Every structure is written in structure tokens, then in C-alpha cells.
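J.: Submitted below is the structure of interest, expressed as C-alpha cells.
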Amino acid sequence: MTVVQNVGIDDYKYGFHDSEENYAYKAKKGLNKEIVQEISVKMKNEPQWMTDFRMKSLEIFRSKPMPDWGSTEMLSDLDFENIHYYVRSAEKQGRNWEDVPEEIKKTFDRLGIPEAERKFLAGVTAQYESDVVYHSIREDLTKLGVIFTDMDTALREYPDLVKKYFGTIIPPTDNKFAALNSAVWSGGSFVWIPPGVKVEIPLQAYFRINTENMGQFERTLIIAEPGSSVHYIEGCTAPTYSSDSLHSAVVELIAMEGAKIRYTTIQNWSNNVYNLVTKRAYAYKNATVEWIDGNLGSKLTMKYPAVHLLGEGARGEILSIAMSSTNQHQDAGAKIIHAAPNTSSLITSKSISKNNGRGTYRGLIKILPGAINSKSHVVCDALILDESARSDTYPTMQVEEQEGVTVEHEATVSKVGEEQMFYLMSRGLTEVAAKTMIVNGFVEPFTKELPMEYAVELNRLIQMEMEGSVG
Amino acid sequence: MSEDFLVIEDLHVSVESKEILKGVNLRIGKGEVHALMGPNGSGKSTLSNAIMGHPKYRITQGSIYFKGENIVDMTPDEKARKGIFLAFQYPLSIPGVRIFSFLKNMMSAVHGKEISVAEFRKVLKEKMSLLGIKQSFIKRYLNDGFSGGEKKRNEILQMALFEPKLALLDETDSGLDVTALKVVCESINKIINPEMSTIIITHYKRMLEYVRPQFVHIIMDGRIVKSGGEELVEIIDSQGYDWLKQEALATSAL
Ligand SMILES: Nc1ncnc2c1ncn2[C@@H]1O[C@H](COP(=O)(O)OP(=O)(O)OP(=O)(O)O)[C@@H](O)[C@H]1O
Ligand SMILES: [Mg+2]
């Protein structure tokens, strides 16, 4: 995977060069013990416990059934034997700009991604050399004791920390895709914030472009010690491209007492990608976890960020948008488990569907016995742009405690109004421009939570989606 | 006689297969200000919507020429880019869309060129102070949660930035308090120039005392039944429309 972090960039380059002797390595298609062994031992030289963890996960993966929700039809098309589970960077070197699908190129052009970064796609790593700014930020953070690096490096350099938390929030037994990721994971970010440290600037990871199979099974773990806070942003100012068909990440967050984690994702996959991601957070006493999750592109996305409110006064917020277009299904949602008194949660889900695209909200609010005075509020808004698009909402509420508990759910489905369109068009905006403006307005509650450059980018991605120039 | 700007011939308009306009004829010359009055439901908004090209208002017969060009088949945005502006009787709200970016987009769309943020800010500030609109206003979402009067002011702010060639003001006065009406009308007077034409739709003479029309038309039941000068405003203000009904009956009895 090609995680480029604007902090910790040096580590990344180190990792890259480190693998030079195996520069052109690609595991055979398909998944078996030998391949997992090869990834863990031969390629990554991992400690025994990780190798064991992977092998066990592989067994679990085999024994687990496919999910029976989302799009079972699309899922059944997924051929696990037709995937390269591990490809080392040389593949990128062999790649030419010419090999990049036309659609993606167009996106790059329109996004104004500089030539230098395009070269990165073709395997040139030097383009980050000039980014000294990042280095100074990193020094600043390092002084405070903050760890921000890629997961492979973390496993080498901070083995105890990784071992203590890795897979504890999302064990391989959780679901088929978590098991798969546990068996073949590679890359992702590792973040550790010392007690009381508040990281003011967001930590960013760009999943620029995934060349074949790279970065499709990333693994991210963030631990915020008591009283600390961090905002982590992953994503794409560029669409993440994968020539192969499966992206299956696992993201684990731990917010200790009084800590705060905000995790922002903007994904824009090309439309041949299955995006099946497991994201979960534990929030302890008075901790806050916020998932800000934007999903564009992909063929099928199944993603339900979760927060387990485990300590008194913990708070979870999940704010998401999903845009589905031609032949796409965004099955996204949120899960909150209230397991302690005085916990609160807010879920805001916004979906936009057009051109036979399908948007689904699938959510779970669970109030466990003893979680007295817990409050939960769910708002689902769907915007349908034409007759062929579809939107469904499947909210589930399991309330097992009554005392002082409130659970509210609001859902709206709207169409772009003819009157609104006329109003905007009477001001000279074309039909597409008017519609785009309405859609951008619809997602504004989401956009306004993003840092400026991400907000601008998201609006631009939406505009491109509306103009139909991105698949 | 001044150059023709808007010429409407035998215009028939239906909404949901019900005929609302039943043969409207109207001629507006360059630089002229016309008032259009008529009872509720007589078809005033229908006429302005049809001129602007609202898809729901189907033109079944007749033609609309703007500067010699038949605009019947044009889309609203094409008409806007030709300089036709409609100040809505009931402006729509668009949640999440900030006024600032909306107005900026409108400006570049109708003037056909990008305008820098700095330049736009300057122009906007000037027009807003003219209309007595608070600066904080531009951060709000378009008409979202606006009072009736705020919406109307916002329409005229748009008009000021739009610099129309033909302005259709549909009951801009309704919802404005006495002071606001004065401020808004003064702004309209500043915008109006010899190069553009204006149609003012209103029920009351108050607005027409500020923005003085050279011609007044009265529409009833989908037809313009009387045209004249400012004197008609006074008559309607004191007598309403009943006398016109009598007159119409008398005419049809002939
Ligand atoms: N969108 C619409 N759908 C259904 N009927 C409509 C629509 N627009 C106009 N009509 C009908 O057409 C007729 C004329 O309406 P219009 O809005 O043009 O009247 P108006 O002269 O502007 O009245 P007012 O002074 O009350 O604004 C009315 O009977 C009205 O109900
Ligand atoms: Mg009206």
C-alpha cells in the first residue's frame, strides 16, 4: 500500500527502499497458507506472533460465510482466487501513465494533480523530496512523544504497543472481511498519542493511487491515551485507483478516558472496486470518538463505522455521506453501542443517488442494560436525483434499558425539486450546475466539518460526479 | 416609439393541462417601465414564469420575442444569460448553499466570465449597503429561514448584481415593511436604466409611487383587458376590478 503521510514521510521512504531486493514481487493469484506465510515471513520478516495471527485469521476467513446483507448479488461475483494478495512496489515501476484507465487520467487532469505526483503512480518516489514542511511538523510531534508511522514500521519499531492493541477491537472472528484483512494486511497507519497531548493539526494519510493490489488490505490502529486528542484524516484528494477489485481495510480506534479522536475519510474509488471496510472504536469514560466518512465511487461499498461507548459519559458521533451513481451500491451506515451510563451518540447520514445508483443506510443503535440516561439521535437524509436511483433505510434499535434513555430517529427522502431547479436556472446556472449546487448544499453539514482543502476537493469530486465525467 | 424589447403575441399557457393564459398580447419597448396589475389568480405570475421558461408552464400557442428573437424554446438559464431576470413572488430556499457562493456563481454565469473573489466582495459589499443588508447575511444559506422581507431584499440584491436587460418583478413589494419598501424601491430605481425594460407586478399603488411606470396593464382571467397610463393605478386603488368586469361584460354583449 502506498500510504504517504505528510508526517512520517521519511519512515515511509525508508520502508520503500528497504524492500528493494524484492522490488518486483507479486504473490501468485489466490489465497493459501503458503502465500500468507510468504507475506509474513519472507516479505516482511514479522515476529512469530504476527505470523500465527495471520495463519489463524486465514482459517477463520475460510470458515466465515459471506455477509447476507448489502448486495449479495455483487458479493457473489467476487472471486477470491482471482486476486493477488500481495504485490510489492516494483509493480509500480513497471507501470506507465499510459496503462492508467482513461477515466482516472481525466480525473487527475481535472483535479490538477501535478505531474510529479503522477510520476509517483509510475513508480518514481522522488517527488516528495521537497516536502520539508512535513518533516518539521514531524519533529514537533516527535518531541511530544507522538507516534505516527505506517503499520509495518510500527510492528518493527514499537512491537509491544502494537501487540498490546492490534486486533483487540476488531478480532479476525468479527466478520469474513476482517478475517481476510487480518491474514493479508499490509500498510495502514499506526498512531499513538501520549497522555494529555493534544495534536492540533490533523495527521494526514493520503491513499494516493493504489497500483495493483497495493494497499488494498491496510490496517490502521490509533490509540489516544487519557486526556489526549487527535484528528486523523485519510483519503484522497485524488481518487484511489485500484486495477483489482477488492479493498478491505480494518481500522481500530481506542480513545482512553477523556480522550478525543476524530477520524475523517474521503474515499473516491474507481468503479471496479469492492470497498468492504471494518471500522470500530472503543470510547472509555468521557471520551469522544467522531467518524466523518465520505464515500464516493466504488462498485460496492459496505462500511458501518462503529463506536462502543464503554465508559460513563462517552460520546460517539458518526457523520457520513455516500454518493452512488451508475451501477454502484453504497451500503453504508453506523453502529453505536451504549454500554455505560450517560453516554450519548449522534448519527447523521446523507446519501445521494443518481442514474440507477443505490444508496442504503444500515444502522444499529444498541442501549445495553445499565446504560441509564443514554441519548441517541439518528438523522438519515436521502436525496434522489432521478427516477432510476434508489434509496433504502434500515435502522435497527435495540433498547434494553429504559431509565432516562432517549432514542430518536428521523429519516427524510427528497428529490431535487423542480422549483429549486427553476430558481437556480433562472439565475443563469445550467441544469447540471444547478443540480450540483443543490447536492453540494445537501452535503454541506458534512463538508463544513472538513478542513478547507478537503471541503473544496469534495465539492469538486461531487461536481465531476454530477457532470458524469467520473465513472 | 422606442425599440421593441419584449413582444408577446397571442400567448396561451397551460399548467397541468388547465389553460391559464388565454391569449396575452403585450409590447414593451426599450427603457420602459410597465406595471401589470390584476386580481389574485388572474395569471400574473403565470405570465412571468412563462416568460422565464418554467417547465411547468407550457406554452401551447403564441410567441415571445426578446429583442427580436423568439425565446419560447429557450431554457431558463439561456434566457438568464440573455439578460432576463425574474424577481420571484415566492423565492425558494436552497439549504446548505451559501449566499456568497450562489451570488458569485450567478455573476459568472450571467456575465460569462469568472470574477475574482476580491473583486466580487467589493461589488457585493457596495450593493448590499445600498439595500441596507447586513454583512453577516452573505454567510447564510440561500433564503433558508429568511423572513418574507429578507427574501424580497435578496431578490433585489440579485437583480443589482445581475444587471438585467429585462426585469420582471413579481410582487416585490409584498412582505416589505414601509421603510424597507422605500429602500428597496430606491435601489430598483438605481438599477433601472434606459438600456433595460421593467415589468412590475403589484397589487398596490405604493410601490408604483416610487418606481413610476409609463404604462399600466390589467390582466383578468388570463387576458390583458385594459392598458393605459398611471391613471389606471389610481382607479384600481379606489375601485378595485369590478368596473372592469362590467366593462368586459358590456363589450361581450355588443
Ligand atoms: N404551478 C401551478 N400549479 C397549479 N396551478 C397553478 C400553478 N401556477 C398557477 N396556477 C393557477 O393558475 C392561476 C393563475 O395563477 P397565478 O399565480 O398566475 O396568479 P397571479 O395573478 O400571480 O395571482 P396572485 O396575485 O395571487 O399572485 C391560478 O388559478 C393558479 O391556481
Ligand atoms: Mg402571483
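The values are calculated or read from the model by the stated rules, or taken from the named source; none is laboratory data. Just so you know, these numbers come straight off a predicted model, no measurement behind them. All Cβ positions, glycine included, derive from the backbone under ideal geometry; neighbour counts span all protein chains shown. The accessibility values were calculated without ligands, DNA or RNA, using every heavy atom of the protein model including side chains. Shrake-Rupley method; radii C 1.70, N 1.55, O 1.52, S 1.80 Å.
J.: Step by step: find N for the stretch B:4-253, compute 2.2 N^0.38 Å, then divide the Cα radius of gyration by it. What's the final number?
T.: Values: Rg = 18.2 Å, N = 250, 2.2 N^0.38 = 17.9 Å.
Here the answer is 1.01, to two decimals.
J.: Kindly write out, for the stretch B:87-99 in residue order, the coupling ³J(HN,Hα) from the Karplus curve 6.51 cos²θ - 1.76 cosθ + 1.60 (θ = phi - 60°), rounded to whole Hz, with x marking Gly and Pro.
T.: Rounded to whole hertz, the list is 8, 6, 5, 10, x, 7, 9, 10, x, x, 9, 6, 3.
J.: Right, here's the next one. With a point put 7 Å past each Cα toward its Cβ, work out how far B:Glu195 is from A:Val379 in nm, to one decimal.
T.: 4.5
J.: Give the relative contact order (percent, whole number) for chain B; include only Cα pairs under 8 Å separated by 6+ residues. Before the final figure, lay out each step's value.
T.: Working: 448 pairs, mean separation 65.6, N = 254.
Here the relative contact order equals 26 percent.
J.: Report the B-A buried area as the accessible area lost on both sides summed, probe 1.4 Å, in Å² to the nearest 100. Provide the component values of the computation, followed by the final result.
T.: On the way: alone 12400 and 18160 Å², together 28500 Å².
In total, chains B and A hide about 2100 Å² from solvent.
J.: Determine how large the accessible area of B:Arg27 is when every protein chain is in place; take a 1.4 Å probe and give Å² rounded to the nearest 10.
T.: 60
J.: Kindly state, as a whole number, the per residue volume in cubic angstrom of the convex hull around the alpha carbon atoms of the stretch B:87-153. Intermediate values should be presented prior to the final figure.
T.: Working: hull volume 6.3 nm³, N = 67.
Once divided by residue count, the hull of the stretch B:87-153 is 94 Å³.
J.: Would you kindly derive the ³J(HN,Hα) couplings of the stretch A:41-58 from the backbone phi angles with the Karplus curve 6.51 cos²θ - 1.76 cosθ + 1.60 (θ = phi - 60°), listing them in order in whole Hz, with x for Gly and Pro?
T.: Result, ordered by residue: 8, 6, 7, 10, 6, 7, x, 4, 4, 6, 4, 4, 4, 5, 4, 5, 4, 4 Hz.
J.: Suppose a student asked you for the relative contact order of the stretch A:325-432, using Cα pairs under 8 Å spaced at least 6 residues apart; what percent would you report? Provide the component values of the computation, followed by the final result.
T.: Values: 255 pairs, mean separation 29.6, N = 108.
For the stretch A:325-432, the relative contact order is 27 percent.
J.: Only counting protein heavy atoms at a 1.4 Å probe, give the residues of the stretch A:425-453, ordered by number, whose accessible area falls by 30 Å² or more when the other protein chains are present relative to the chain alone.
T.: By number: A:Met425, A:Ser426, A:Arg427, A:Gly428, A:Leu429, A:Met437, A:Gly441, A:Glu444.
J.: Still on this model: Any chance you could look up the accessible area of B:Val97 with a 1.4 Å probe, heavy atoms only, rounded to 10 Å²?
T.: Surface accessible to solvent at B:Val97 totals approximately 10 Å².
J.: Long-range amide H contacts for B:Gly31: which residues qualify at under 5 Å (H placed 1.01 Å from N, peptide plane, sequence gap of 5 or more or a different chain)?
T.: Excluding prolines and chain starts, which carry no amide H, the hits are B:Met196, B:Ser197.
J.: Right, something else. Counting only the heavy atoms of the protein chains, how much of A:Tyr165 is accessible to a 1.4 Å probe, in Å² to the nearest 10?
T.: So the heavy atoms of A:Tyr165 present about 20 Å² to solvent.
J.: Read phi for every residue in the stretch B:162-178 and hand back ³J(HN,Hα) as whole Hz from Karplus 6.51 cos²θ - 1.76 cosθ + 1.60, θ = phi - 60°, with x for Gly and Pro.
T.: Going residue by residue, I get 6, 6, x, 9, 9, 10, 10, 10, 8, 6, 4, 6, 6, x, 8, 6, 4 Hz, with x marking Gly and Pro.
J.: If you don't mind, there's one more thing I want to ask. Run through the DSSP bridge list for the stretch B:4-253 and note the antiparallel percent, rounded to the nearest 5. The partial results should precede the final answer.
T.: Numbers: 26 of 43 bridges.
Antiparallel: roughly 60 percent of the beta bridges in the stretch B:4-253.
J.: Amide H to amide H under 5 Å from A:Thr288: which residues, 5+ apart in sequence or cross-chain, H placed 1.01 Å off N in plane?
T.: Residues meeting the criterion, in which the H sits 1.01 Å from N, are A:Ala259, A:Lys260, A:Ile261, A:Arg315.
J.: Shifting gears a bit: Would you mind pulling out the separation of the Cα centroids of the stretch B:166-225 and the stretch A:342-371, in Å?
T.: For the stretch B:166-225 versus the stretch A:342-371, the Cα centre distance is 50 Å.
J.: Let me ask you something else. Quick query: amide H of A:Ser345 versus all other amide H atoms, modeled in the peptide plane; which residues come in under 5 Å with a sequence gap of 5 or more or a different chain?
T.: A:Gly316, A:Lys375, A:Ser376, A:His377
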